[in-house]
Each structure stands twice: as C-alpha cells, then as structure tokens.
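The values are calculated or read from the model by the stated rules, or taken from the named source; none is laboratory data. The structure presented is a predicted model; accordingly, all values stated were derived computationally and were not measured. With ideal geometry, Cβ positions are generated from the backbone for all residues, glycine too; neighbour counts draw on all protein chains shown. Remember, those area values only see protein heavy atoms, side chains included, never the ligands or the DNA or RNA. Shrake-Rupley method; radii C 1.70, N 1.55, O 1.52, S 1.80 Å.
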Amino acid sequence: MLLWLQATLTALAVGLAAGGLPSVRDSLTHPVHVYEGDDALVTCVVRDAGDNTVLWKKEDRERHSLRVLTAGEARVTADRRFDVLHDAVPPEEKISSGGDVWVLVVKEAKPSDAGIYVCEVNSNPVVRSFHKLSVLSRALQPPPENGSAPAPFGGEREAPRRHNYTTCCAQRNVSQSCFGFCDIQSILDGNTGTDPERCEADFPAIVACMADGRNHVPCCAKQRVPDICQDVCRGEYTVITDNIKTHFSCAAYTEPTLACIAQGVELLPSPPEDVEAEPLTEHSLNVSWAVPRAAGHAITSYVVNVTLLRIFDEDDEDPEGLEDGPDGGYAFGAGDPDPEQEEEEEGGGEEDGEAEGEMEPSEGTLSLSTESPVEVQITHNLTIPGTYSSTIVNDLQPYAMYEVRVVARNLHGESLPSFAVRTTTLAPAASAAAAATAAGDAARAPPPLPDVRQCCVSRGITQTTCLDKLCEPAAAALVQVPDLMVCAPWAGETFACLANGVDHSPCCRARGLPHPCLDLCAGNLTQIDFSYFSCLKHMTSYTSCLLQGYGVLASAPRRVHVSTVDTTFALVHWAPPAALAESVREYAVRWRPLATYDNEYRAAAARRQPFVLEGLRPGADYEVYVEAVNAHGPGAPSARIVFRTESEVEEREEAASLFHNVTACCVEAALSGVCMPLCSYDASMADVKALAGVCAGELHKLLRCGAGGRDHAPCCARRGVPPTCAPVCAGVLAGPVAAAVAACAPYVGNIVQCFEEGAGLLPGPVEELHATRVDDEGTTLQWEPPRDASNVTYYEVHYQKADNTSMHETLSRLQNRLNVTATTAELQGLEAGSLYTFFVVSHNAHGSSLPSAVLLLNITHTETSGRGIAAVTSPPHSLAVASHSATWLTVAWQPPEFSLPSEHITYRLLWKSAADADLQLVVTSVTSHMLEKLQPNTQYIVYVVAVTDKGSSLPSETLIAWTDPAYPAFVEAPTVHPINLVTEGGSMTVLCIAMGTPTPTISLYISGRLVRQEVTRHMVTVVHNVTRDMDQIACYGDNGYGTPMQASRKIVISHPPHITASVITMAAPGDSVALECRVEAQPEPKMMFWKDHSGRVPVIQGGRHDIRLLAPEKDEGEYVMRLTIHKVERTDAGDYFCHAENAFGSATRPVSLRIRSAAAATNVTACCAEQNVAAACMDACSFYLDVEAVIDRPACIGDFDKLMKCAADGADHRGCCAKGGVPRRCLDWCRGEPLLNSKLCVLQHTKTILACFHEGRDRLPGPPLDVRVEHVDAHTVRLLWDPPAKNPAAAEMYRVLWRQRGARAWFKNDTRAASLRLTALKEGAAYECAVSAGNRLGTSALSALVLFTPGSRDKYITSAASVDAEGSPAGVAVGAGLAVVALVALAAAAVWYVRRRRLLGRKSSGGVAFENPSYLREMNMDHIQVPSGQPDGSVGGGAGGRAAGAPAAGAGAAAGAGAGTGLGASLGMGLGLGLAPNGGPAGSAVSSGSPTLSAAHLEALHVPHVAHMGRVAAAPAEVTPSLHEELKLGKGGAGFKRLK
C-alpha cells in the first residue's frame, strides 16, 4: 500500500519533484451541488503551500482554456460574486500567507457557473486539484419509481419508512453531537449538523445501530456494491486509522447501501436473542435461543452455525464472510442462499430440530464421524424449523473449543448472526462427573460457622451495631470508623469472639496486613485507638483469614496450568482443592497483564475447567491464579502462573515468508533506506506524509514491489476500483501521473488490500526467460518458475509476429498463446526471417501474474551459448514533457510495464537538438530529468532506454519538444491587501506578478530595501510590523532577456498621531509668542489646543489667541498646529497641550510658556566695546542692536561683522535665517561669524537676520559654562560643565566634540546630562574638547576649548589665557608671523574661490529647489538616543587621532548611538567643527580637509582656541560642500558650508 499511497498521495500529488512541495491530496474533490440562487462553497486544502500562490481557475470549454478567478486572497475576475475565504496564520508563525484551507465562494450561483474549477498552486511543478460544481434548478423533481420493475419478494414495492435509530445510539453511548447520523433521512438530506470526522470514533456503534441486526448483504450485492464496501450492510464499520489499508473509498455507494438498510429494517428479522451453548458430553452441545425481538412472528427457520476453532478468531481471518462448510451448509455473509439448498436444509431441519425443553436428539440429529481425520468437519450449519428454540449438536470432538452463532430467517431474508458463544466440549473424565451432576448429585454443604454473636452476647455486649457488624464474620468487611468508635468499649470482647480461640496472624501477615492489625487477627486486643483505623481497608482480607481459620473455606485449587496459548487466548486448567472440594460451587479465575500501566486483576466465574481467557494481547506476559468458592466465600488462592501469548508479528512474518516479501523486494530493487518504512502493506499515513517528498522519485520501485508482479485488476474491479485505475492494480502507471492520482487516490485502501490479498493467492511472475534454441523453424523457450511456485497451475506463453511499429508496443495479450505445465516450451512453424515477440504468464485458479520480461527474436538460425538469449524488460513508456521554459525542459516517463518487481532498473536518456548531429547521454535511476542550458525556441529530440543486468530494452517512443520563445520580463503593478487600510504595526500582503519566459526572478523592494527575491511568476509576501516609512512598494523582474522592468506603487500607511514640539518657550510681557507643534498622522487627525490636560479645557479661537492648523504642503501626513498669543500677559504662563486624534489613536504633548521676570541681561554695549567697535558706530549698541542708527553710515559697514557677533549672543540662528530667505553667503552672520563681503548682506538681509536674533534670543540656549575635566583613571576622564547662563531651560541636549591633539578628525557625542565619561583614551596623550548646548531650534556657540592629558592630574588647561601665560614672547612672535602668512594665503584662496563660485553659479540657475536636510528639517527629540550606562554617559576614545579611529566597542558605541539623527543633525549646523551636517555613527570621526589656522587669525570674532607648547590647536573649520550637498542647498543658491 505504501507503494501506492506513496505514489498517489505524496509523490504523485506533489509532482515527482524535490521534497517540501505543496500537496492538495486532502482537498474535498466530491462534486458540489447547489440550487440556483444559493451560495456555492468549493473547498481546496493546500498543505505546505510555503511561499507559493494559490489560484482558483474555471475551465472554459469553448476556448479550451482556464480563466483565472483569484490569486491568493485577491479577486482577479471582474465578477464580484467570486471571493476567497482563507484564514491567515498569526504573524509570529511565519511570513508567508497562512492557513491550509482555501474556499472559493460563488455567491448567488447561476447555471452558467456550473463546470470544473481548478485549485492550482504555482509551485514547480504546478500542483492542481479539480472540483466539479453543479447548479440545480429548483424546479427539478426526482424521477418516479420504475413501475415496470418487479416488486421484491412478490409484493408491491413500498417506499421504506424513515429509519431512526437514535435510541440505539444513545444506548451505545454515541456522542450526542453525532445523533444526526442516527437517522437515515438526515444523512441523505445532509442535515446531520456535524462534521463526519468528529464522529469517526462513534461510527462503529452508529453503523451497528443502523443495520439493526439485519443482514443487508444480499440486497447490497444486487445493487452492485463492492464487497469491500459491504461492511456497512453487515452493521460493521472500518475505522480509518493510520494504516493505509483503511483509506478506501465507498462514497459512490452510499445511497444504494442506505436504501437497502432502510428497506431491510422493515422486512428482515433481527438476530435471535439469549443464545446459550452448554456442553453435555465430550461429543455434544445443547444450543438454545430466544425469539428475535423484531419480526419474530414470521420466522421460517433458524440456522445454527457451530465452528471448531483451530485458531481463536478464525472468523476475523475471512473478511469475505463464512464460506460454505464441507457439509454444504449455508455460509453467512456470502450472498443470497441457494434456493434449492435452502429447501433441502429447511426440509431436513424439521427432523433435525429439538423442541423447546427436549434434550434428546431426534433421528435427524446431525452426527459427525470421527473415524478418519480427513473427514473431520470444522463448520456445522444446522437448519432448524422456526417453531423450535433449541437443539442438540452431537458427534463433536472431545475437549475442543467451538463457537456457536444462530441466524433467523423469514421469507425476505435473514438476520445477522447472533452474538458468538464459545464453549468447549467436556474431557472424557469430566463427562462422567457432569453426568452425575445432571443426575442430581448435589454438592455437600460446607461446615457451619461458629456462633460469634452468641459469644458476644454472653460477654455482655448489647449494643445492636456491635452485634450486627463486629459479631458477624460475614459483616466484618463492612465495618467503618464510626462503628469502631461506638464499639470501642467492647473491642477486646468482639475481636476475641471473632478469633474464636484461633490465632489468625500468620494468614493476615501472608496477606499483607500491617503490623498493628495483627492484634485484631490474634484476638488479643485490649483497647482500640486511632492507630487501628488504617486496618479498615484490609477488613476483606481479615474476614477471609477468619473464615479460613474456621475451616469452612475450600483450600487452594491444585495443579493449575495453562495450555493452548495463542496470540489472543489461552486455556486455564486446575484440579479440585484438597479440602472441602465437595462444597465448591464455582471457581474464580483472576488474571492481569504484567509490566503495563493496566495491571489490575480481572476476574471471571467458572463452573468447571478448562476456562478460556479471551481478549489477550499478542506477545504479552500475563499472571493467572484460581480460587475455589463455596457458600462462605473464596478460599485460598492457587499458585500464580505466568505465561506469554504468541507474537502476532512473528506469525505474520512466517506467513509472509511463504508468499511475497515486499521488504526483500524493495531491498533488491535498491530502494533508499530512508524510504523503507513505506515498503509495507501496513505502511502508516504518518510515514507517507513525512517521506512523500523525499521518496517521490522512487515511486515506481514501491509500486512494482507492492504489486509483486501479480495482476490484481480482477480484485480491484470486484472492490469498486474504477477501470481507469486498473493499470495501478498491476503495479504500473499507464498515463500521466497527475491523472492517475486524481482518479485513483480515493481508492488507495481498496488497491492495497488487493495487493496484500493477492500476495497469498495469485502466482508470481516467471523469471529468467531465455531462448535456448533459435533456428529457421522455431525456438525453444525456458524459464524459472516463480519463487513460490506451489500455487502455479500452468504457464501461458504469448507470442506474435512483430514489425517496426508493433515491436515498440507493450501489449498484455498477444495473438498466439500456448499453455504448458512445464517450464519449457517448443514453438515450431514460425515464419523464418521474421521478428517475434515472446513472454510468459503464470496462472492458477485465483488469477494470473503479470507478463515476464520480453524476448524479441529473429527466427533464423542463431548460435546460442550459455543459457541462451535472455529476455529483457519492456521499454519505458509515456514519455512526455512535464514542464518547460525557454532554457530548460523536464522530461518524465513511466517505468517498463513488464519487468521483475525486484529488478534494479536504470535509464539512459539520449537527446539532442534538431540541428545537432550527436546525441548527448544522461544516466539516471529516476523517471524524470531536467535538461538545462537549452536554447530558446529550439526543437529537441529525446528518447529513453531501460537498462538491467540482462541488457537494454528497446527505446521508448521518440519525443520531439520545443523550448519556449524568450520574452522579457513584464511586471504588473504590485497588489497590496488590504488595499486602503494598511496600518502601522499591522500586516500587509504584497502580490508581485511578472510574466516572461523563462520564468523571471521577482524582487520585492519596500522603500528601496530588498525584502525578498524568488524565481517565480506570482510571489505573495506577507509583511508584518509595518512601519510608516514602508510606503513605497516596488516589484522588479528580470529573466536575463531584454530590459528588466520595475513597477511601483505608493501606499498610504495609517497610523496614530505623533507630535513633536519645543518643551519651553520664553517670552516677555507684551510680546507675541507662537507655540507650535508638528503632527504626523494618517488619516488626517482632529487637532486642538488644551489649557488643562486633566479637564481638557480647550483654547478658544479669538481675542489674543490665534489658532492655525496648517495642512501639509509636500509631506503627506505632516501637519502643523500653531497657537499665537498676542500681548502676552503673566496669566498666560503655564502648560499648554497639543492634542491630535484619528481613528487609530491619539497623542498629547505639552508645550510650556514661561514669562521672563526681568529684561534680557545681554549688554550689547559691553560686547561692542570688547570687540573694538568704532566710536561712531556705538550708537547701534544698547541692550539690543539698533541697526537703523548706523545703516546709513558708510564708516560702520566694516564693523558690521562685530555688531553681528554681539547681536548673535553666542547662539546659532542659521536655521531661522534660511527659512527667512537669507542667502547662503550671508548665513555666517546668523551665528556671529564674519563675512568676506558684507555690503550686500547689510543692505538686503540685515533686518531678517536681526528678526531671527530677536526670535531666538529667548529660545536658543547660550554656550555651556565652566567646562572642566575630572580624572578617573589612566584611560578615562569625566567631562563636566554648568548649564548656560542664557536660557538654561532651553538646553535640551549637549554636544561634546573631542579629539587627540594633532589629529584631523573630531569625535562627537550627544547627551542630555551635564557630564560625559570618555573611556579608552591613550595615557599621556594630549586631548582637546569643546561643548555646545542646543535644542530643536538651533544651537549655541562652542564653549572654550579645554586641553587635558589622561593619566596626569597636573596638565589640564581650561582657558586660552593660561596657555598664553605659559608661552614665551618669542613663541608668540613666531606664531604671529606665521599667522600673517596664513592670512595672506587665505585671502588669495578666498578671491579664487568666490570667482569660481560665480562661474559655478551660472551653471546651476535652473531654478530647481531641493529640501535643505539640515536647516529645513526640524528635530524630533523623541527619536534622540541618549548614551546609556552611567548617568553622565560614557564614550570611548579614538586611537591615535586617526579618522578611522572609532571608539572602543561597548560603552563608547552606546554613548554615540543616534548621534546622526534628530538633534545631532541640527547641532551640527552651529558647532563650527569638523562634522558632517547629517552626523554619523557614534564616535565616528569625520575627516578634515582644512589646514590649521594661523595664530594671526585668532581674534575675538572667532571661536576661542589656544596654542600649547609652541603648537597651534586647530579649531574646527568649514570646507566647500560636495556637489551632492550643493544640489540640496536650497532656493536661490543659499546653503551652508559642510562642517568638518
């Protein structure tokens, strides 16, 4: 079975490809019938679909094509009545689409919807299942009964009444949910209300109730129900188990079977009841019964079947039923009785019967002759008149086991046999004893019990409870704790009376009573306490010891032994006990299995020996003992006997060795070891499923060994296997595998049962066929008989003349045949010079073998040597293209039809293109091969030859195949499901479809990242945990021909609102202040401002409050909500809340407004004086810069750099300036840096810049104060600083820049704390660092550079003054000279640079504006990652100050995480250091391309720096941006210099 099931269910359905392919074998392929207008559900079950797509298609017969309806869960057809139901698995299980069941829904079905629907999986090869849909008109009526048909049993045909057997089901404990199957009408109407699979365990009881004890087999046989499906007609049900033989199909015969049962329960009698069989002598049994419950009044006769049991379950060995006995009696379950035979039996039965109560046999009593062993009968069938209810069966074998059944008959048929009764005839010695007993010799009564009650009364006990329970030996076993407590004062007297002066302790000790209980047994108890309560559970054993001590119980039976041990039964024998044997009424036989969880003793009563132990397990150990029971109870147990039942496996192996050994065949055929579990008629479905993909390529070996070279087609026909599967019953596949699977998979159990049955009945194939003589007149053939030739009756030699056409055909019958009984054949009179084909078939009474190997001879004189010319296997057949593309062809074929099952076959595949002259050879052991690296649109020629140790077969048919033309890949736009409801954090299914030949490689890109790549035409991908940036879906296809193609789609990802806003906004009374929040949400949210979060008090539009909700301009899903408060008052201070909500959630973020208590502390006048502003220009310097006072004074143009320095107040306002349209060349003023040419900026952009100064003076923090270094160890320092003096609350983040002195690269780290730990520094090396403060609006200027040396507490330098004090005047002079030289060089470079920039500017005047990634992007503080670890942060030091010197892993890496996002990008604009504007990895260095600045350039206008030990510290500088950066600089050429 393994063989076939493997073939069909696994390998075939899977497609003879590699393991792990999808399977549709569990699909419901029965026709679906619906009425017009109802919804139709067509179900397909796809196992192991993996990443393949499931498609539903409908057959279009007019166009001879398939129309695609659905792909995955997406509907393809425009007809909205079609849909797919599919349950997806949870995301955590796997990425691909989940679930095994795909249901095609056809809503409001129309007649035009009827037809064939195909469930297809686009695997390689493609897997399909076919489903038929019928749409019925509601006007249809069932056809009338055929009035011309003869009425059954000579009466009018009457429609069977409703057969409801629910009461029987309830009595048999059928689950209440399965009661729907307890009514035939409900089954026919399909209204059972429960899935049949859920009631599988209850079906044996349901079917037994359905048959109701009637034998419906004759009716079923007349309705052509196959014998394998007639078990239901007998009230039996074959439970579907893991064994492959139980998976057979009888669905097509359900209606005729139920019709026979419904009719039979109205007409047929039920079985006789209360059947008993009592042995009378060693040769006779008395059989009696009661009238059947149903139709008992019309009984015409009874048939008593008495069968000698050679083995215990002989009836189970004959699945066909009880065959006719040697005496010609009626055989149950074998079909309709023979009328003539029945008349004879009924006629004779009137004489053979026994009247009720009569025990003497009549003249016609059946006798059994025992003179000759040959004449010994096994089965006796006695026909008794219907008026009798007992009979005596004589002439039986002595001391033998018989099984008795009784069948009731009437005019319409018969009942099923009654329950079997098994008994043994008496042994010769026991016969006399039985006769004596029958004559009235009664057993002698046992001795009386002592009068314990009188003893208790004499001792003064009057309590009734104590007298009834503790003074009666038989009631002592019922004593409970309350009884002991009540009788405690008289405990000594009661137990002394029970002991009756005898010490019963030895018996109690032997029976396992605990030590405290021995006092009770001895009768010397003085008082009772709680310690004796544990004895109550041993009172039964205590009572038994008392009775034994009284001498009233029989002793143990003697000579106990076991005989006739079989697989499931054994006989137990014993001799009567030595004491009181005459008082024994019966014997208690107790047994239990050993070494199992179920080791409780089971008991049965026996009146005489031997006793039959039934229901044992094969190959198991058992323990048995016997007790003699008289009127007082059981006596002492006998010795315990341990025995083992016979092994059923050994018996099967012994039986198998006599016939066909499937396992040995598979070994000889070189079946791989991993597939050996499938090489068995009892293969399990679990093994088939697990090994299907692995063993699919060796299916032909399993199939040949399963059939064993025998022709099982007649058996298959008898068991309902359709004719299309007849080749499978012969062990071959005559056509395409897929067609065979679709047709034969439901009948796999039928076929395997035929395989197993035929292995013991049919003859095997002949071997070693060869020609020993060939001349001009004929030939002599010789062969070896089958390996088990005992059942061969004759051999049939087939031969016929062959030509160039017929020699390649494989025929099971040839024109000429010759029957012989020997293993040689002389064939004369053949046509000389002609070709002839020969093969041999063996025959017996049950059937025939398959043909032997084929011998092709030229009838002309030929010299032979050795054994002659050997026959070879027939050629491979059914050569076909299994799949194809532009560059490959997969060719498949079927193995030879005629070959020995165990023959090892290899194949030589020869192929070439039509243009080539030479054939190419491929040798393989499987029946398919892929030809690769072929040319597109090219013709190829292929054929196959089978090779065995006997030689090569003839070639198969020649196959001419074309490869497909090559077409470039064409990609359709990706389909996303759900279409408009993809949510953040949820899942989406993306379908990519790419056409083209060869099959293209499809790549799925999501937001530019490659997610999946596969060679297929349909790729379904389920993406879990969708994020909002996954809005660009692209499918890319390429097959190596033409230009690759990509199709994209932008999707909308719904997500709840996310709000970003500044934390604190400072304002002075009377100012106008804007509180602004940015909201990211999809779909558009409802936005509002609250003043009180708990009370949700909204801010109302109007008065001094102006609320603006700005829709996105470019970025869909980004909104701005702005609250402007005019003429701020102190009561306006406090927390405001930005709130946004949509269908997916809500978000709230606070923004705080703080009122400055005093005017700004910045003194611009002092700063101007410090910067040496000319006296004529000091009018512009007050607490705020008044540029209007000096803008018309040409003498002040040169001091504008200094004025801007003071007005910037240590902050970087470039972001605000860029938004205000300040060009790039003027942006340095926005951070207080000088310009090369400031005239244009003074005239056009001064007011904008000053407005930004005014706007940011309360929002941007000043530089951190008091930056200092603390020593930790030789490689670690801790940087600390104080919050800025200006706007300390606005400092949301600090950026630390540091490097080793002399290195060109700077490291940066961000932290929220006012400290940072630097680790992995070089001991003794000089380092420098600076700190700036910032928030999302901008940054401050850098603090003063701090120099430090790890490992030395004395070399920290914290200011430029200290460095200058240490330097000598000579050093300062030299530095000043070098600075002058550097300044001249810089001036010249600047002139060259400006000119070059103008030239470049002309080239880029296209007017295209791009987003400035640094100035125009506001920072989201929620995305900033703060260094973890210590509270103040910890980062690693660079090695040698090299640009590639990244911080050490661990703390350093953690500290810099997120430095390139959010605040990092914003801070990089204003630090004036060597950092790229977009940041970088934590601790990563950015290379510097600028030379070290000279000392002459160190004026107060720039970031302070110091010189140390004659060397100049290089301050961070800026360089010209790259071309890529320049393209993003913004409108009008404004931008920034790349920070280094």
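What the table below lists for this structure:
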item	result
In sequence order, calculated HN-Hα J values of region 462-468 (Karplus, 6.51, -1.76, 1.60; Hz; x Gly/Pro)	10, 5, 4, 4, 5, 5, 6
Within-15-Å neighbourhood charge of residue 561 [Cβ basis; K, R +1; D, E -1]	+3
Calculated log₁₀ intensity ratio I(q)/I(0) where the Debye formula runs over C-alpha points of region 1205-1339, q = 0.12, 0.19 Å⁻¹	-0.56, -1.02
Under 19 Å from the residue 526 label point (7 Å along Cα→beta-carbon), backbone N, region 474-492	488-492
Local electrostatic count, residue 869, Cβ distance below 11 Å [Lys/Arg +1, Asp/Glu -1]	+2
Gained length - residue 930 relative to residue 906, 0.36 nm times residue gap less alpha-carbon distance	7.0 nm
Rounded, prolate or oblate (a/c below 1.5 giving rounded, otherwise prolate when a/b exceeds b/c) for region 1038-1124 by Cα gyration tensor	prolate
Long-range HN-HN contacts of residue 294 with modeled amide H, under 5 Å	270
Using a Förster distance of 22 Å, the FRET efficiency for residue 481-residue 540 (Cβ separation, nearest 0.05)	0.85
Nonlocal amide H pairs with residue 1012, under 5 Å, H built at 1.01 Å	1004
Cut-off under 5 Å, modelled amide H: who pairs with residue 1211 long-range	1341
Residue 200 paired with residue 457, simple spin-label distance in nm, labels 7 Å along Cα-to-beta-carbon	6.9 nm
FRET efficiency estimate (nearest 0.05) - Cβ-Cβ, residue 1106 to residue 1032, R0 41 angstrom	0.65
Solvent-accessible heavy-atom area per residue, rounded to whole Å², over region 159-243 at 1.4 Å	51 Å²
Exposure rank, largest accessible area first [930, 1121, 485; 1.4 Å]	485, 930, 1121
Neighbour net charge for residue 466 - beta-carbon separation under 11 angstrom, K R +1, D E -1	-1
Sites matching trypsin sites (Lys or Arg not before Pro) across region 878-968 that sit in DSSP coil, with at most 10 neighbouring C-beta atoms within 10 Å	933
Pairwise label distance in nanometres, residue 1050 with residue 468, each label 7 Å out on the Cα-Cβ vector	9.7 nm
Heavy-atom accessible area per residue - region 686-745, 1.4 Å, Å²	31 Å²
Members of 912/950; 1127/1219; 58/912; 1086/1127; 1127/1247; 1091/1247 lying beyond 31 Å, as alpha-carbon distances in this model show	58/912; 1091/1247
Calculated from backbone phi, Karplus (6.51, -1.76, 1.60) coupling profile of region 626-633 in Hz, x at Gly/Pro	10, 10, 8, 10, 10, 5, 8, x
Sparse-neighbour loop sites [trypsin sites (Lys or Arg not before Pro); region 444-484; at most 12 other C-beta within 10 Å; DSSP]	444
Rounded percent of accessible protein surface that carbon and sulfur make up, region 1156-1278, 1.4 Å probe	54 percent
Rounded to the nearest 10 Å², the accessible area of residue 1127 at probe 1.4 Å	140 Å²
Whole-number D in µm²/s for region 908-997 (Stokes-Einstein; Kirkwood sum over Cα pairs; 37 °C, 0.692 mPa s)	189 µm²/s
Length added when fully stretched, residue 1175-residue 36, from 0.36 nm per residue minus Cα-Cα	399.8 nm
Mean accessible surface per residue for region 1279-1343, computed with a 1.4 Å probe while every protein chain stays in place, in Å²	25 Å²
